[in-house]
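*Asks:* Encoded as structure tokens, here's the structure I'll be asking about.
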Amino acid sequence: MTATNNQVAEANVKYLVNVTGQTVPAGYSCPPEYKQTEVGMIPIDWDCCAIGDFNPFVTSGSRGWASFYASHGNIFVRITNMSRESIYLDMTETKFVLLPHQSSEGKRTSLENGDILVSITADIGICSYVDGRLEKPAFINQHVALVRFDKNEIDSKYVAYFLSSENVQKLFKGAADQGAKAGMNLDAVRKIKTAIPSKLEQTAIANALSDADALINELEKLIAKKQAIKTATMQQLLTGRTRLPQFALREDGTPKAYKQSELGKIPEDWEVFAIRDLGDIVTGGTPSTSVIEYWNGDIPWITPSDINDSKDISNGERAISSLGLKSLRELPANTVLVTCIASIGKNAVLRKIGACNQQINAVIPRKTVNTDFLFYAIEQSKERLKASAGITATPIISKALFGEFLLVAPDIREQTAIATILSDMDEEIQTLQKRLAKTCQIKQGMMQELLTGRIRLISGKLTVESGK
């Protein structure tokens, strides 16, 4: 339903909250270029329509597919292949079905390029777009609805982006939060409202957002490639299988050989060390929560949840005071942190003076040990560290067992050279990750502006409407 500017201005309500999540103060008047609708404020030349107004083909998959599951065959798309973060399907985990020849259910639920998929049970409202990246034939189950528009009337990719926009998704997620039985039938799918500009503008918006998605996809692939290269480099350099040129030869110019050790073959000038030989080990603790003065200071207190994929860490979710720090063992800057209870092997380098809790063993490296090399050596040995955990209800590596854990290392000069190479690779990956995060933010901003008509795409030229 469309409300005139005067009706909106005269509304005696504190707020009007519409489908796009906009909050409109009472007495607000739409700019002359816009109108208020059930999907929010949109340009006057856009329409507010239900999906069913365009008489699309709408169906869902049927039950009973289990008997057709196979190790190969035709792709079977499920909700697990759909994501709220992207309109494109993620077929990392692919299931297959083999249908009988001329199956009527297979024909009805067979996907085509341009189809829109909407999850309709439990986690409702996840929207995906089918394109040439999905091999055909492909089918859906009963938890997914298929919407197929007349391509001459509607650019379905535009609709997929609109239904995937942040504010629309908030509504779907709110409905899904009602409980495990939350769901939508096909009539409800047909009644979903969308903002519809001209076909030309639909395509222009969809193309602009597709370009942003393409850039995001390329950055993700580049990051994955760089991470794979770093992993391979770690395997070679941290085991001595590949030597840096300046360390590969003896004084007489002959190549250095290898020797047997407790950890297999290692370079002749490397040694096996227990972690306790590489640094002082400190098991963290928790200041008394009943002493208010111990908390809410500016000194980082690190727990396992604060340790993620980044090597360096300077702050945790909680901080303690200098008084709180006195109740624990102070950790100097450049201490290596390793989780040793439950989620074993997460590690980071604490770059500030601070402390950690009792689920972490901290290693304060000796002067003969490069901090970053020690971090990478532990990272490289993570799976072996996990395997050494005690067999209890909760996996745990005691301070004593952790101290006995073996690593191989060269002298400090080669440690530093190796750590420098790996740190440079990490820095490059982090730069790309920041660029990816920024690009994702830009795309979200584009969606908010383009899908509400606050920014218009006309004849390929980006124009900003007045009145905002």
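The values are calculated or read from the model by the stated rules, or taken from the named source; none is laboratory data. Not measured: the values here are computed from a predicted model. When we count neighbours, we look across all protein chains shown, and the Cβ atoms used for this are built from the backbone with ideal geometry, even at glycine. The accessibility values were calculated without ligands, DNA or RNA, using every heavy atom of the protein model including side chains. Shrake-Rupley method; radii C 1.70, N 1.55, O 1.52, S 1.80 Å.
*Asks:* Kindly provide the helix-only [θ] at 222 nm of the chain, computed as the sum of -39,500 (n - 2.57) over DSSP H runs of four or more divided by all residues, to the nearest 500 deg cm²/dmol?
*Replies:* So the helix-based figure for the chain works out to -9500 deg cm²/dmol.
*Asks:* Over the range 63-218, what relative contact order in percent results from Cα pairs under 8 Å that are six or more residues apart?
*Replies:* 23
*Asks:* Right, next: I'd like the orientation of helix 412-450 relative to the chain: the angle between its Cα long axis and the longest Cα principal axis, in ° from 0 to 90, rounded to 10.
*Replies:* That works out to roughly 10 degrees.
*Asks:* Of all the C-alpha pairs in the range 158-261, what % are more than 17 Å from each other?
*Replies:* The share of Cα pairs beyond 17 Å in the range 158-261 comes to 74 percent.
*Asks:* Okay, next question. Of 133, 250, which has the most accessible area with a 1.4 Å probe, and how do the rest follow in descending order?
*Replies:* 133, 250
*Asks:* Just subtract the alpha-carbon distance of residue 203 and residue 387 from 0.36 nm times their residue separation and send over the number in nm, one decimal.
*Replies:* Full extension of this stretch gives 60.9 nm more.
*Asks:* For P(r) over Cα pairs in 20 Å bins from 0, in percent, one of [x] 27, 61, 12, 0; [y] 19, 36, 34, 10, 0; [z] 21, 42, 27, 10, 0 was computed from the structure I shared and the rest are decoys. Which label?
*Replies:* [y]
*Asks:* State, as an integer percentage, the relative contact order of the chain based on alpha-carbon contacts under 8 Å between residues 6 or more apart.
*Replies:* Once divided by the residue count of the chain, the mean separation gives 14 percent.
*Asks:* Now, a different point. Where in the range 367-407 is the amide nitrogen less than 19 Å from a point lying 7 Å along the Cα-to-Cβ axis of residue 246?
*Replies:* Flagged as within label range: 368-374.
*Asks:* Between residue 257 and residue 150, what is the label-point separation in nm under the 7 Å Cα-to-beta-carbon projection?
*Replies:* 8.3
*Asks:* Tell me, in nm to one decimal, what length is gained between residue 98 and residue 224 on full extension, where the rule is 0.36 nm per residue of separation less the Cα-Cα distance?
*Replies:* 42.1 nm
*Asks:* Which residues does a label at residue 91 reach in the range 50-73, if reach means a backbone N under 16 Å from a point 7 Å past the Cα toward the Cβ?
*Replies:* 70-73
*Asks:* What FRET efficiency, computed as 1/(1 + (r/R0)^6) with R0 = 25 Å and r the Cβ-Cβ distance, is obtained for residue 80 and residue 343, rounded to the nearest 0.05?
*Replies:* 0.60
*Asks:* Hey, rough spin-label estimate for residue 330 and residue 366, points 7 angstrom out along Cα→Cβ, what's it come to in nanometres?
*Replies:* It is 2.4 nm.
*Asks:* When the C-alpha atoms of the range 38-93 are aligned to their principal axes, what extent does each axis show, in angstrom, from largest down?
*Replies:* Result for the range 38-93: principal-axis Cα extents of 52, 26, 15 Å.
*Asks:* How much of the accessible area of the chain, in percent, comes from carbon and sulfur atoms when a 1.4 Å probe is used?
*Replies:* Whole-percent figure for carbon plus sulfur exposure: 52.
*Asks:* Let me have the relative contact order for the range 53-147, percent, based on Cα pairs under 8 Å that are six or more residues apart.
*Replies:* Relative CO of the range 53-147 lands at 40 percent.
*Asks:* Mind jotting down the three principal axis lengths of the range 318-378 based on Cα atoms? Whole angstrom, largest first.
*Replies:* Projected onto the principal axes, the Cα atoms of the range 318-378 cover 34, 30, 15 Å.
*Asks:* Angle between the Cα long axis of helix 371-380 and the longest principal axis of the chain, 0 to 90 degrees, nearest 10?
*Replies:* 70
*Asks:* How far apart, in nanometres, would the label points at residue 66 and residue 295 be if each is projected 7 angstrom from Cα along the Cα-to-Cβ direction?
*Replies:* With each label placed 7 Å out from Cα toward Cβ, I get 4.8 nm.
*Asks:* Using C-alpha positions alone, give me the convex hull volume of the range 202-352 per residue in cubic angstrom.
*Replies:* That works out to 219 Å³ per residue.
*Asks:* Return one whole number: the accessible area per residue of the chain in Å², for a 1.4 Å probe.
*Replies:* For the chain, the solvent-accessible area averages 51 Å² per residue.
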